[in-house]
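**Q** Sharing a structure here in structure tokens format.
The values are calculated or read from the model by the stated rules, or taken from the named source; none is laboratory data. Quick caveat: nothing in here was measured; it's all calculated off a predicted structure. Heads up, the Cβs are rebuilt from the backbone with ideal geometry, glycines too, and the neighbour counts pull from every protein chain shown. Accessible surface is based on the protein model in full, side chains and every heavy atom, while ligands, DNA and RNA are left aside. Shrake-Rupley method; radii C 1.70, N 1.55, O 1.52, S 1.80 Å.
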Amino acid sequence: MLGSIKYNLSNLLNFKGRDARQTFWFYVLFLFIIQYAAGMLISMPMMGGMMRGAFSAAQQGASETELQARMMAQMAGYMRTSMTLSAVVSVIAGLLLLAAFMRRLHDSNRPGWIALIALALSFASKALIWSKMDEIIGAMSRMSEADPAGILGFQSKFVGASLMGWAALLIVIVFGVWPSTPSANRYGAAPVRF
């Protein structure tokens, strides 16, 4: 596994050649773990601040409705920072994956431009959600648990952006598990497996 990670990190700008499935998926696992850890590091301080505010409000005798309203308002305040940092981490992970995915496509005798489709879908998804950030934050500060239809209606505005993100992930999964060409192909000799 460490050999796969080391190989991919040392070939970040190498879009030629081939990567075996094992090499590719160990690297994807590594990127997933790094992205998950970064997400936790981003959200923990924000959640701590939100919980501190909730405990303070509860100690002051706030009603359940007031407590929920305060928590939603605090969450809306953290949303811009959280979305910005999450988008940055996601873009970095996508760029780190690009060359490895192109080499994986080459291993199954597929053109590397398919990786650009996945990257474009992922970036478009993030851009659409980013463009609605003020609307999301405003809605978060007004939402309450008492209005589930309003929450669902608001979420339905982002179905297209979410589907683009899932489509990008599906492209990576489908072509990432595609069987390798057993011998040399137009992209080079069979890859080394780590």
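**Q** Please list, in order along the range 95-101, the HN-Hα scalar couplings obtained from phi with the Karplus expression 6.51 cos²θ - 1.76 cosθ + 1.60 (θ = phi - 60°), rounded to whole Hz, x for Gly and Pro.
**A** Running phi through 6.51 cos²θ - 1.76 cosθ + 1.60 with θ = phi - 60° gives 5, 5, 7, 3, 5, 5, 5 Hz.
**Q** Charges only on Cβ, +1 for Lys and Arg, -1 for Asp and Glu: so what's the dipole of the chain about the Cα centre, in debye to the nearest 20?
**A** Rounded to the nearest 20 debye, it is 940 debye.
**Q** Further question: Label points 7 Å out from Cα along the Cβ direction at residue 15 and residue 170: separation in nm?
**A** 2.6
**Q** Something else now. Ignoring ligands and nucleic acids, what accessible area does residue 64 show with a 1.4 Å probe (Å², nearest 10)?
**A** 130
**Q** What FRET efficiency do you get for residue 91 and residue 6 if R0 is 25 Å and r is their Cβ-Cβ distance, rounded to the nearest 0.05?
**A** Computed FRET efficiency for residue 91 and residue 6: 0.60.
**Q** Might you tell me the accessible area per residue for the range 79-194, computed with a 1.4 Å probe and given in Å²?
**A** 54
**Q** Considering only protein heavy atoms, what is the solvent-accessible area of residue 178 at a probe of 1.4 Å, reported in Å² to the nearest 10?
**A** Here the residue's solvent-accessible area equals roughly 90 Å².
**Q** Quick one, which of (i) 149; (ii) 119; (iii) 131 is the actual volume of the Cα convex hull per residue in Å³ calculated for this model?
**A** (ii)
**Q** Shifting gears a bit: Which of rounded, prolate or oblate describes the range 33-137 when judged by the alpha-carbon gyration tensor and an a/c cut-off of 1.5?
**A** Verdict is prolate for the range 33-137.
**Q** Nearest 20 debye, what's the magnitude of the dipole of the range 46-125 about its Cα centre given +1 on Lys and Arg Cβ and -1 on Asp and Glu Cβ?
**A** 280
**Q** Okay, moving on. Give the residue from 159, 92, 179 lying farthest towards the positive end of the charge dipole for the range 43-194; charges sit on Cβ (+1 for Lys and Arg, -1 for Asp and Glu) and the dipole is referred to the Cα centre.
**A** Farthest along the dipole direction, towards plus: 179.
**Q** At what distance in nm do the modelled label points of residue 73 and residue 149 sit from each other, each positioned 7 Å from its Cα along Cα→Cβ?
**A** Here the answer is 2.7 nm between the modelled labels.
**Q** Quick check: at a probe of 1.4 Å, how many percent of the accessible area of the range 1-78 sits on carbon and sulfur atoms?
**A** Of all accessible area on the range 1-78, carbon and sulfur atoms account for 69 percent.
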